[in-house]
Amino acid sequence: MSRSVNKVTLVGHVGQDPDVQETKSGTKVVHLSLATNRPPFGDDPQEVTDWHRLTLWNRLAQFAEEHVSQGDRIYVEGRLEYDSYERDGVKIPTADVNVRELVLLSQRAAVAEVA
């Protein structure tokens, strides 16, 4: 069997305050949006902003709830997960980064890692 890697590393700014939820079993989950910028490329002189959906679980979700807010600059590592949902009979694909490490790069620097 060959080895494969699914690892995403992003540095950007949080687009909104954490969306804190809890599963039926009581597990805390937080969703964040993260903006990253792509520099101009080729004939296009404009910088492009990409938005990423992040999901954090358990202790990392608790850390984000307590310490992360809109506008904060953060570093995250995780894995990319694809899924889809249906709306009005149309299948809509989604891409989500399941975060396993988050570093708050704002002045009140703090680190959280889930093994």
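In table form, for the structure just shown:
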quantity: Test result for Leu105, at pLDDT 95 or above and touching a strand residue (DSSP E or B) at 6+ places or on another chain (Cβ under 7 Å); calculated: no
quantity: Among residues of segment 26-55, those that are touching a strand residue (DSSP E or B) at 6+ places or on another chain (Cβ under 7 Å) and aromatic (Phe, Trp, Tyr), counted; calculated: 1
quantity: Count of residues meeting criterion [surrounded by 11 or more Cβ atoms within 10 Å (Cβ to Cβ), free of Cβ contacts under 8 Å to residues at least 24 places away in the same chain and more than 19 Å from Tyr75 (Cβ to Cβ)] in segment 23-54; calculated: 1
quantity: Residue within segment 55-64 that is exposed (fewer than 11 other Cβ atoms within 10 Å of the Cβ) and either assigned to a strand (DSSP E or B) or at positive phi (or both) present; calculated: no
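The values are calculated or read from the model by the stated rules, or taken from the named source; none is laboratory data. Because the structure is a prediction, the values reported are computed rather than measured. Counting neighbours? That spans all protein chains shown, and the Cβs are built from the backbone with ideal geometry, glycine included.
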